[in-house]
1. My understanding is that a pair violates if its Cα-Cα distance is over 27 Å; which of LYS51/LYS294; LYS18/LYS58; LYS80/LYS294; LYS244/LYS277; LYS116/LYS153; LYS51/LYS160 do that in this structure?
2. Going by average Cβ neighbours within 10 Å, how do the peptides 199-211, 245-257, 318-330 rank, with the highest at the top?
3. Tally Lys and Arg at +1 and Asp and Glu at -1 over the other residues with C-beta under 11 Å from the C-beta of THR211: what net charge comes out?
4. Sorting check: for 79-88, 334-343, 27-36, which peptide has the highest mean count of neighbouring beta carbons within 10 Å, and how do the rest follow?
5. What label, among [x] 124; [y] 170; [z] 212, belongs to volume of the Cα convex hull per residue in Å³ computed from the structure on display?
6. Express in nm, to one decimal, how much length is gained between GLU293 and LEU310 on full extension, taking 0.36 nm for each residue of separation and deducting their alpha carbon distance.
7. Tell me, what ³J(HN,Hα) does each residue in the range 294-302 have, in order and in whole Hz, if you take phi through Karplus 6.51 cos²θ - 1.76 cosθ + 1.60 with θ = phi - 60° and put x for Gly and Pro?
8. Collect residues whose amide H, placed 1.01 Å from N in the peptide plane, falls under 5 Å from the amide H of LEU185; neighbours closer than 5 in sequence don't count.
Amino acid sequence: MMKVNNEEILTSVLIKMKEVKGGIDEVCPISIIDINSWEWAQGVGLYGIWKLYRTTGKKEHLDYLLAWFDRHIGKEKIEKNINTTAPLLTLICLAEELGRDDYLQFCRDWAEAVYKDFPRTEENGFQHIVSGEENHNQLWADTLFMTVLFMAKAGMVFGKKEYVEDAEYQFMLHIKYLHNSQTGLWYHGWSFNGRNNFANALWGRGNCWYTIGVVEFIEMVNPPKFLRDYLVSALVSQVEALRKYQDVSGGWHTLLDEPESYLEVSATAGFAAGILKGIKLGLLDKKYTAMAEKAVDFVEQNIAEDGTVLNVSYGTGMGDSLEHYENIPICPMTYGQALAILCLIERYMY
């Protein structure tokens, strides 16, 4: 465990994010470990760096992001799907900040492709198509962070009301099919083909994509009161359940209601970041502060001396059994580093 000041922790976690290699045989067709790939995991990582730049104002973080995108844009053919949209959330933030026409046009073209060309499920949801998998007629919780946040931001930047309204609808539709009313937690996915929630898995990191994603969304678009109330009610329901299922250590299990499954740090960091930000935005009651800070303590206890965020599960596809989630290997991941950064920022730097 690291025993240094908060800025040193953030710096070490960031440095490790830029060099993490993982050490396992990847099953994904595009690496989700190496930060130099263009995929969803890197998209989460880049957003962590963007938030660190916005918080500290340090130009080195901005320079890193610009160099990353300039290495990719125009230099390679990038497949457009739900997961590869994730880096666009950071890119459109950069485009808005800097007014770079090339970034703005790239984001404009991609947003049009998402809105008009991406496959839709029944009831017009974003089908969770990824690199190598069609996932026909499937809704996944991951989609909200990986694509819907970008579309909401694009709608605000480009004055495209239809993008914002579509993003609002996606949140509502995903709540309809993924929110478990008995527990307040979220299922990983829904199949319109099978009319089921696959393994009925209340998977940790899948849940955190809503916790952190919805507070970002509300801050981003300031939705109408009826929708804000609806989104917040689902968040409060989830956070109440998280309080019940939080381990004595401060962490949460990879299957939230299965104490036999391992404690997982990226989900814990995502919950902590979302809850702390939700409190600051006035969306959540301050009574949740202690549980969130206990979660940050758990995350800090899982940061190695070299900045590696430990006990992070590898990328997790949809599972037809609970064992699928319990057997996902643990290794350092870009998104694990980034989610740790986000929760540390929310606790110490605002």
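1. In this structure, LYS80/LYS294 exceed 27 Å between Cα atoms.
2. Packing order, densest peptide first, comes out as 199-211, 245-257, 318-330.
3. So the environment of THR211 carries a net charge of +1.
4. Packing proxy ranking, top to bottom: 334-343, 79-88, 27-36.
5. Read-out taken from this structure: [x].
6. 4.3 nm
7. The phi angles translate into 4, 5, 4, 4, 4, 4, 4, 5, 10 Hz.
8. ASN180
No lab work stands behind these numbers, since they all come straight from the coordinates. The structure presented is a predicted model; accordingly, all values stated were derived computationally and were not measured. Quick reminder, even Gly has a Cβ in these numbers, built from the backbone with ideal geometry, and neighbours come from all protein chains shown.
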